[in-house]
Structures are given as C-alpha cells and as structure tokens.
Amino acid sequence: MIGETHRFTLRALKTQHSLHLPPFSSLSSPMADPSPKPVPLLKDQLDIVIPTIRNLDFLEMWRPFFEQYHLIIVQDGDPNKVISVPQGFDYELYNRNDINRILGPKANCISFKDSACRCFGYMVSKKKYIYTIDDDCFVAKDPSGKDINALEQHIKNLLSPATPFFFNTLYDPYREGADFVRGYPFSLREGAPTAVSHGLWLNIPDYDAPTQLVKPRERNTRYVDAVLTIPKGTLFPMCGMNLAFDRELIGPAMYFGLMGDGQPIGRYDDMWAGWCVKVICDHLGLGVKTGLPYIWHSKASNPFVNLKKEYKGIFWQEEIIPFFQSATLSKECTSVQKCYIELSKQVKEKLGAVDPYFNKLADAMVTWIEAWDELNNTSEETSSKQPNGAAK
Ligand SMILES: O=c1ccn([C@@H]2O[C@H](COP(=O)(O)OP(=O)(O)O[C@H]3OC[C@H](O)[C@H](O)[C@H]3O)[C@@H](O)[C@H]2O)c(=O)[nH]1
Ligand SMILES: [Mn+2]
C-alpha cells in the first residue's frame, strides 16, 4: 500500500545497476506480525534461488518455511514480462537485461531460455548458503502426513559432516538415533565438511526423456527415510530441482554451463555442474549428500521437447563420464577457482574432440570464474584462500 515500507534488499553489487523493479503493486510488503516467529536456522546466511518463466504463486505453499528468507529470483525468457511474487516475501529479481547490465560481455556465459540461468543467482548472492528450487516443486508430505520443511532438512544436511572416505552402512551416522557401525575407523569419524545437499522428489521423478516416453505414467511414491554421502570417487546425476550447497566451500564450481537458446544441448545444466562439483569436492576433501528432503514435483515437462534438448547429451555423456571419472587435479589446485580453471583446460583438451561445443563450454567456464571473482572480489583470494576460508 502507498507509504508502506517494504523490505526490499538493494544489493551493493560491484557495478551499481537499477534492478528490474516490478511495478510497486507486485513488490513485497511483509504483513505486520503480532506474534513474531522463532528465527529460522541460517536466516541471514542463506539465499533461496529460483529460476522462473512464470508467476511465483507456488511460494504460497512454501510461505511457512520460506517467508523469513531472502529470495533471489532469476527471471528467464522475455525480460519485459512482469513476474508476480506473492506479498510478504523479501526478494531481489534479475531478468536478462539485469544480467547483461551487471556482467557486460561476460553475460554470454549465463544461459538463456534454460533453467541453467539460475547459477547467476548463486553468483550475485552474498550469503554462505544457497538453496535452489524449481517453481513447480511443492511441499511434500512424509509418511506420517506431516508437511516436509525441505529447507530445514537441507540445512541439517549441510551443517553436519559427510562421510565420503568410508561408507557407513547405517546411513547418516550424525542423525538422531544412528551412529557409526562396528568396524568404522575412529580416525574417520570426524567426517568431512558437507558442501552439497541433494534432495529428491515425490510424484514426477527427474527422468530423462527416453525414460519419460517409455513410462509416461510412472510416479515416485516411495519415501526413503535416508541421507547418504556419495563416496569419494563416485559421480552422481545432480538435479537442480531441490538442491542446497555451501557457497563458500563450492560455489564457484556450481556453474550450470551453456544450455538453451543457441546451444546444441539442454537439460544437462545441473548434470554438468554436478560432475565438476563432485570431482572438485573429492579433490578438496568435501562431502556430497543425497536423499532427504523430498519435495513434490508437480509438472512433467514435455518428453518430446526434452528429447530434442537431451539427445546429443545422451550419447555425449558416454564420453563425458569417463572424462570426469579419470580427471585428476594437481596439488597446486588449492581453491575451488583453481580447480575449476584446471578442469576447464582438461575439458578443452580432452572433450574438444568430441564436439566443438566443449571448446566453447571450456571458455565459458573461465568466463564464469572471472565474473564470479569480479563480482565477489575473490580474485586476490583465489591464489591463497583454502576452501575452508583459512588463508595459506
Ligand atoms: O526456459 C526455461 C524453462 C524453465 N525454467 C524454469 O526452470 C525450472 C524447471 O523448469 P520445468 O519444471 O519446466 O522443467 P523440468 O524438466 O521439470 O526441470 C528439470 O529438468 C531441467 C533442469 O535440469 C531442471 O533443473 C530440472 O528441474 C522452473 O522453475 C522453470 O520456471 C527457466 O528458467 N527457463
Ligand atoms: Mn519441473
């Protein structure tokens, strides 16, 4: 309402720019709250990043869990379209014009017309943690019928150690009611810092197009009450639908690649990021977890459209996976940025022969790091900062 102040966070980015401010009517204005709620975990240390091409009514269902967190909305597609955000949320919104204005020529590393654009939100955030969720993902219920606070579970996953070096057969040993089992080396029970928490989905599973075509009516109804650390040396297919990570530990590696408009491939954005992230986490001694929490994925995208986007990836990945499985990083790679630049060189060297696209992608990986360091003033730290933040 006129005169009502609204908590709109204007971010002091390296290059001042006028954010795409939707008309005042669609801006947030928190309702006065007579009974203040308990401060949620990591309230001021976590941003929620949402890539979108549609109005964000889905947030209504998440309001009890998200309303006290800051949102970074990355609007894809037509920048002239106004995205409406429900009242009461504190957010900043970036469309393509903002991305181009902030990054200049480096904006060409951010995909257009693909959910891969979400990684711009990781770059502009100034928080230690990120949670990213798709706008067709809703609150799921656990077997007792209770609404699942996915964000709370991700935070628990990130704040407790991981066990990448030795598999605990009773799953997450740090969870209430569990522990390390007999034979688990005591020297390894401190665990490793958790860099990534990969959540899952009830209802529409994240299947590739061929599987979707063969099993159009398959729904995931199985709730598995477990969180697992993905062992060191093992890759995994990372889905960006319900994903959280420690931005200070692994953020610069969370580049979602060149997808969508003008690119020969799509729907491999999160996969590419996940393979790079896992190789770097293994090198730096960081953990990646998968399992709880579940969200309810409501919309199956068109399998024929998906097949067109994915089909090159389906045969390319038979070469990409062996590349990542055999990728090694030198001991000089002591920061995420250094690991990432080293990996980009190997991508160009070893995947360039698969298709010229990988030369372009390798260059974009470098541009991404340059843009990340420029926006986050981390280039001078890149040479000395250890992933855990301690200077050399
Ligand atoms: O051009 C686009 C299309 C979509 N988005 C936003 O991205 C989110 C995912 O979109 P959608 O739910 O329609 O696609 P899915 O096939 O279910 O997504 C999965 O596969 C592709 C990606 O890997 C994605 O992460 C997976 O979840 C949604 O928020 C759309 O609004 C976009 O920004 N640009
Ligand atoms: Mn979806």
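The values are calculated or read from the model by the stated rules, or taken from the named source; none is laboratory data. Since we're looking at a predicted model, the values are computed, not measured. With ideal geometry, Cβ positions are generated from the backbone for all residues, glycine too; neighbour counts draw on all protein chains shown. In case anyone asks, the SASA skips ligands and DNA or RNA and just uses the protein heavy atoms, side chains included. Shrake-Rupley method; radii C 1.70, N 1.55, O 1.52, S 1.80 Å.
Summary of values
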item	result
Residue that is most open to solvent (accessible area, probe 1.4 Å), among those in region 79-91 that are away from ligand 1 (no atom under 14 Å from the Cβ) and within 21 Å of residue 138 (Cα to Cα)	87
Count - residues of region 80-120 that are under 18 Å from residue 271 (Cα atoms) and either in contact with a strand residue (DSSP E or B) (Cβ under 8 Å, 6 or more places away or on another chain) or part of a helix (DSSP H, G or I) (or both)	11
Some residue of region 212-229 being within 16 Å of ligand 2 (Cβ to nearest atom) and assigned to a helix (DSSP H, G or I)	yes
Residue within region 276-288 that is part of a strand (DSSP E or B), at pLDDT 95 or above, away from ligand 2 (no atom under 16 Å from the Cβ) and crowded, with 24+ Cβ neighbours inside 10 Å present	yes
Residues that are under 15 Å from the mean Cα position of the chain (by Cα) and open to solvent by less than 10 Å² (accessible area, probe 1.4 Å), drawn from region 261-271	269
Single condition residue 319 does not satisfy, out of (1) open to solvent by less than 70 Å² (accessible area, probe 1.4 Å); (2) away from ligand 1 (no atom under 14 Å from the Cβ)	(1)
Residue within region 294-315 that is within 30 Å of residue 189 (Cβ to Cβ) and either free of Cβ contacts under 8 Å to residues at least 12 places away in the same chain or crowded, with 20+ Cβ neighbours inside 10 Å (or both) present	yes
From the options 53, 148, 133, residue that is closer than 29 Å to residue 371 by Cα, open to solvent by 10 Å² or more (accessible area, probe 1.4 Å) and modelled with pLDDT of 95 or more	53
Candidates 235, 249, 243 - the one that is surrounded by 15 or more Cβ atoms within 10 Å (Cβ to Cβ) and in a strand (DSSP E or B)	243
Pair list, Cβ under 7 Å, 6 or more apart: region 197-208 residue assigned to a strand (DSSP E or B) and open to solvent by less than 10 Å² (accessible area, probe 1.4 Å), other residue more than 9 Å from ligand 1 (Cβ to nearest atom) and modelled with pLDDT under 95	none
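This table checks each residue for (1) within 16 Å of ligand 1 (Cβ to nearest atom); (2) surrounded by 14 or more Cβ atoms within 10 Å (Cβ to Cβ); (3) modelled with pLDDT of 95 or more.
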residue: 24; (1), (2), (3): no, no, no
residue: 29; (1), (2), (3): no, yes, no
residue: 46; (1), (2), (3): no, yes, yes
residue: 58; (1), (2), (3): yes, yes, yes
residue: 65; (1), (2), (3): no, yes, yes
residue: 70; (1), (2), (3): no, yes, yes
residue: 77; (1), (2), (3): yes, yes, yes
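Here's the yes/no breakdown for (1) closer than 22 Å to residue 260 by Cβ; (2) under 23 Å from the mean Cα position of the chain (by Cα):
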site	(1), (2)
327	no, yes
330	no, no
360	yes, yes
366	yes, yes
